[in-house]
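As structure tokens, the structure follows; a few thoughts come after it.
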2 protein chains.
Amino acid sequence: MAEPLFERIALVGIGLIGSSIARVVRREGLAGTIAISTRRAETLARAKELGLGDEYHARATDAVADADLVIVSVPVGASGQVAADIAPSLKPGAIVTDVGSTKRSVIEQMAPVLPEHVHFIPGHPIAGTEHSGPDAGFAELFEGRWCILTPLPGTDPQAQEKLAQFWQRCGSKVDTMDPEHHDMVLAIVSHLPHIIAYNIVGTADDLETVTKSEVIKYSASGFRDFTRLAASDPTMWRDVCLHNRDAILEMLARFMEDLSALQRAIRWGDGDKLFDLFTRTRAIRRSIIEAGQEVDLPDFGRQVVIHPPKREED
Amino acid sequence: MAEPLFERIALVGIGLIGSSIARVVRREGLAGTIAISTRRAETLARAKELGLGDEYHARATDAVADADLVIVSVPVGASGQVAADIAPSLKPGAIVTDVGSTKRSVIEQMAPVLPEHVHFIPGHPIAGTEHSGPDAGFAELFEGRWCILTPLPGTDPQAQEKLAQFWQRCGSKVDTMDPEHHDMVLAIVSHLPHIIAYNIVGTADDLETVTKSEVIKYSASGFRDFTRLAASDPTMWRDVCLHNRDAILEMLARFMEDLSALQRAIRWGDGDKLFDLFTRTRAIRRSIIEAGQEVDLPDFGRQVVIHPPKREED
């Protein structure tokens, strides 16, 4: 086991991301002590049952006291409150980071209340699943995935390097980006897809002509691919929508414009236009697979996974 | 091996669906002879290399001569031409079916030109992947999936029963439906999802503020789920859009209305409305998993599949 990177790591919030960090920190021996805190008593109790850390605190302020690295993993709308809570007990020289999906808003909420004697370096691991809570985490979540840091001007290079090293030891590749640019990139690669997914599932749920049971039965023909994203944590996604509003509205407007053009092509039977778009989009998928960000198996390899158990039951 | 259901099965078209049928028919011994025909010479040669059938014919009319079951697996826009080609050589009493994703249009194209002495029973196996061509097929494709038959009034019950039996022996569950209702159901569960997926991938491809390489790098945060559908066969999907126009436009209009309401909730910061929608949609995913139409693994079990090879390369 390598030398721990940090003497004491405090995890504020222990959902999918927080609990995955706890597991990989433990597996890789990245901390002397893992101190966990979360708002809800039953979640804290569950984290303890799962043995995710070394200490469990009802108050974030107790977890962060004396910590060298503090990772805030809460819905982005709660960032300001958490920052205010922990500010008085942060150790001078501690690194404070977060994992929020929006960065400008998190910076606006946290930076003004955190003391000057800590290194606040906002971050965002681009990893996740549709599941939430401490049971949903796993140590491999960050492997081969990107983690984006959005340091503020004047950030201490050594502290930034140490945080980057932390994410690398968790299995991630690290990128650095301007917070505004991060918010724009994420609006298209993550926020818009989730909003679209939630929306189409809602549309299907409201139909009078097609029953819910028909939607479910025949979902394998395309619809179910959207339901994974639409099953993501509602609190997290409400906060993302409220806290990255401008970039999301910009992407949504473009999407709707393009969809109107596509609608028109369908209405007027413009087969060439449809064929051109449907051909162009194939190349992007190929690139994602080549970049190692997707599995190259038909249907996500669902057949491979689903069949042996299915046949027994039938 | 059970008794063959049909003496001779002719497969017209040998892409993903046709070649999957060939493989399961062979594995289950459902035909005495499998005769294959397809329009492109190189596809036919490839089918022969793969050993998918017993006979390979450049002309559909030669494949269907003397066949007891003819399965047309071509883009729906080509159905009329195929029906006209094969009509003169169809054996009296033969069952003729198809696998097209739209049914009203296929019926309008095929029914008028097929002879009265055959049983024309339109069908649609709700199964597929984003891959196409004879190499993409596999015998398990239909297992646990639904196949919808949309028989015309006056269809011979015995012929219909035999076709249902065929699909069941391929591993499918069989449903019967009115063609118009089929087209409405498929518009929401399959056609709209594909159109939305193609559209969002196109929108991302056109951005000036976010580079294509950024979209690819960070696609694991949601976007990539859409790219699977957007990598589907362009010819097939162009034809679907052209041949199920009314139902698709209806669903598209509803989707856009709902998206406008969602857009408004984001603009005005209506967190409760967002939270309500994001909560409601979770239940649908749960039902799809319970119905056995989806794998219950986080992120479609991608971690499970992707990790061992990934770590070696890094």
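The values are calculated or read from the model by the stated rules, or taken from the named source; none is laboratory data. What you are looking at is a predicted structure, and each value in this text was computed from that prediction instead of being measured. Cβ placement follows ideal geometry from the backbone for every residue including glycine, while neighbour counts extend to all protein chains displayed. The protein model used for the area step is the full one, side chains on, heavy atoms only, and it has no ligands, DNA or RNA in it. Shrake-Rupley method; radii C 1.70, N 1.55, O 1.52, S 1.80 Å.
Quick notes
- Residues of segment B:166-193 satisfying the condition of being in contact with a Leu (Cβ under 6 Å, 6 or more places away or on another chain) and hydrophobic (A, V, I, L, M, F, W, C): B:F166
- Subset of segment B:176-194 that is within 7 Å of chain A (Cβ to nearest Cβ) and among the β-branched types (V, I, T) - its residue that is nearest to the chain's Cα centre (by Cα): B:V189
- Matching residues in segment B:80-109 - criterion: being part of a strand (DSSP E or B), of a type in the set (A, V, I, L, M) and either under 20 Å from B:M236 (Cβ atoms) or without any contact (Cβ under 8 Å) to a residue 60 or more places away in the chain (or both): B:V96
- Helices (runs of 4 or more DSSP H) contained entirely in segment B:222-310, each with at least 1 residues that are open to solvent by 50 Å² or more (accessible area, probe 1.4 Å), within 8 Å of chain A (Cβ to nearest Cβ) and touching a residue at least 60 places away in the same chain (Cβ under 8 Å): B:234-243
- Hey, A:G137 modelled with pLDDT under 95 and surrounded by 18 or more Cβ atoms within 10 Å (Cβ to Cβ) or not: no
- Lone qualifier among B:T61, B:T102 - being hydroxyl-bearing (S, T, Y), touching a Pro at 6+ places or on another chain (Cβ under 8 Å) and at negative phi: B:T61
- Some residue of segment A:89-111 being over 23 Å from A:A63 (Cβ atoms), out of contact with any helix residue (DSSP H, G or I) (no Cβ under 7 Å at 6 or more places or on another chain) and surrounded by fewer than 19 Cβ atoms within 10 Å (Cβ to Cβ): yes
- Residue check, A:V215 at the interface with chain B (Cβ under 7 Å from one of its Cβ atoms), more than 20 Å from A:I121 (Cβ to Cβ) and out of contact with any Leu (no Cβ under 6 Å at 6 or more places or on another chain): yes
- When B:E180, B:E161, B:E214, B:E208 are checked against the criterion of being open to solvent by 10 Å² or more (accessible area, probe 1.4 Å), of a type in the set (D, E, K, R) and assigned to a loop (DSSP other than H, G, I, E, B), a single residue qualifies: B:E208.
- Top-ranked residue in segment B:118-158 [being within 10 Å of chain A (Cβ to nearest Cβ) and either acidic (D, E) or part of a strand (DSSP E or B) (or both); ranked as farthest from B:I95 (Cα to Cα)]: B:E130
- Test: residue in segment A:141-149 that is of a type outside the set (D, E, K, R), closer than 30 Å to A:V295 by Cβ and open to solvent by 20 Å² or more (accessible area, probe 1.4 Å): yes
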